[in-house]
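For reference, the structure is listed below as structure tokens.
The values are calculated or read from the model by the stated rules, or taken from the named source; none is laboratory data. From a predicted model like this one, the values you see are computed outputs, not experimental measurements. Here the Cβ positions follow ideal geometry from the backbone for every residue, glycine too, while neighbour counts run over all protein chains shown. Surface accessibility is based on the protein's heavy atoms, side chains included, excluding ligands, DNA and RNA. Shrake-Rupley method; radii C 1.70, N 1.55, O 1.52, S 1.80 Å.
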Amino acid sequence: MKKSTIWAISIVMGLSFLGLLYLQFSYVEEMVKMKKEQFDESVNRSLYQASRNLEMNETKRYLEKDVNATERRAFTEDSVMVDGLDGSIRQSHQFAVASDDGTVYSSFQLKTFEMKPSSVPKAMILRKDKSSLSTAAKTMQEIVRNRYIYQKALLDEVVYNILYTASDKPLKERINFRMLDGDIRTELQSNGINIPYHVTVSTTDGREVYRCSDYTDEGQEYSYTQLLFRNDPQSKMGVLKVHFPEMSSYIFSSVRFMIPSLVFTLVLLITFLFTIVVIFRQKRYTEIKNDFINNMTHELKTPIASISLAAQMMNDDSVTKSEHMMKHLGGVIADESKRLRFLVEKVLQMSMFDKKSVVFKKKELDLNEMVENISSTFSLRVEHTGGKIYTEIEAVDSSMYVDEVHFQNAITNLMDNAVKYRKPEEPLDVYIRTWNDHGHLCLSIRDTGQGIKKENVKKIFDKFYRVHTGNKHDVKGFGLGLAYVKKVVDLHQGEIKCESELGKGTKFTISLPIIKENIDNE
């Protein structure tokens, strides 16, 4: 599959997932907003009703107080009159309410007509003439009317007292805070809100007159206010303030069911991205391995061709075979066989590392001594370029616990790269240094060769990766050398870093833990 096709599919799928996530987050945001508005409306409605209940309770208290006081000022009057002509008896009952100055607020009178004492019950039960029924109906209407006037007079007095007496009292005396808290709780529960809240009551100028016992400042951003005694003068009003510490959890609980959907969508998006990364990585590995196979074929053909040619010359009877010729052909076969074996072993070593089947035979070695031996081995090749190897042996504690063969091969590979990637027709200088740093044993190898571009430095430890050199193919290799070096250093619990600048050279730094830590890790 072409890379452009993979990119097109990736972009379409990625945009689809992002669109789905956007819609889900928008839906959650809209639900949270709607729940918040419903919560605000319910709380405001509950507080309004609680404040109204507060005013009604105050009115009720004053009503009961005034009614009791008024009833104590009420009086009754009974009168009986006898008609001497026909022997009928008239009896009346009157009820009246008067103020302290004698003003009568209301009164009503019930009239009963009787004929003769001996015939009153019988006459009242059996008599059905229209005049008696009409008189009784009028009497009841008058009773109701007078009672209405009486109650209205009482209410007028109560309202007068509330307007001119109650509002003069401080809020502490006007409000039953326990009853107010109960009203708030009841109204909130009736509106579907059953979460903790905190209450304060203050005057309009900010003086606090009440605070609930479990009050905390947590959740102050979710507070609601309601005026108390709204019809009083502004200076006599109160301010009820309620806030909800757990409002965020309450709102969040309404959209909790959407969390699994968001999580699954994110998992799918991450899985898709991981799949795309794996596809590109596998595609890159495939390309690198194809290059590796082509390169390896070319690399292996050279020693095989040399060995084959030398063998043909040895078997060709037409060629004069002197002792010097035979020695030369034997040397060519030996050198090319050694080179062929080295190439095959390098591939096999990386295969063993990948399968984690390599076994290290660690022992205590001296880094300073190993560096001097390797620098002596490479001195001839470096001096052949007109340069020189400079060693700075500064490590005092130079003991290390490593596999001699693999660790020596790692340093040799770094030295070999320094020689192979030198500047053409220019002398090569190599600087090797050892030192101790905070309980670590360090080694650096710096050269004055071609150097590496910054964008390529982070890739040089990848398997099969080789820095592009354009159309030049003068340096042979599989791209396994530095990958092998990093594997060896990592398996010794060490660290390797590369610093390079194109045209100025490259520096590799290896840091190993002290020998005691190495032994403990074993």
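Conditions (1) more than 19 Å from residue 445 (Cα to Cα); (2) at pLDDT below 90; (3) not in a helix (DSSP H, G or I), marked per residue:
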{"residue": "330", "(1), (2), (3)": "yes, yes, no"}
{"residue": "338", "(1), (2), (3)": "yes, yes, no"}
{"residue": "353", "(1), (2), (3)": "yes, yes, no"}
{"residue": "369", "(1), (2), (3)": "no, no, no"}
{"residue": "374", "(1), (2), (3)": "no, yes, no"}
{"residue": "381", "(1), (2), (3)": "no, yes, no"}
{"residue": "389", "(1), (2), (3)": "no, no, yes"}
{"residue": "406", "(1), (2), (3)": "no, yes, no"}
{"residue": "413", "(1), (2), (3)": "no, yes, no"}
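Give the residue that is modelled with the lowest pLDDT, with candidates limited to residues of the range 449-501 that are aromatic (Phe, Trp, Tyr) and part of a loop (DSSP other than H, G, I, E, B). Selected residue: 478.
So for the range 431-448 (the condition being open to solvent by less than 20 Å² (accessible area, probe 1.4 Å) and at pLDDT below 90), does at least one residue qualify? Walk me through it before giving the result.
Going residue by residue through the range 431-448, those that are open to solvent by less than 20 Å² (accessible area, probe 1.4 Å) are 432, 434, 441-445, 447.
When the remaining residues are screened for being at pLDDT below 90, the result is none.
No; the residues of the range 431-448 include none that is open to solvent by less than 20 Å² (accessible area, probe 1.4 Å) and at pLDDT below 90.
The sole residue among 295, 231 that is open to solvent by 70 Å² or more (accessible area, probe 1.4 Å) and either polar (S, T, N, Q) or at pLDDT 80 or above (or both) is 231.
Within the range 155-199, being crowded, with 18+ Cβ neighbours inside 10 Å, at pLDDT below 65 and in contact with a helix residue (DSSP H, G or I) (Cβ under 6 Å, 6 or more places away or on another chain) holds for 157, 158, 162. Only residues that are hydrophobic (A, V, I, L, M, F, W, C), open to solvent by 70 Å² or more (accessible area, probe 1.4 Å) and within 30 Å of residue 211 (Cα to Cα) were counted in the range 243-285, giving 1.
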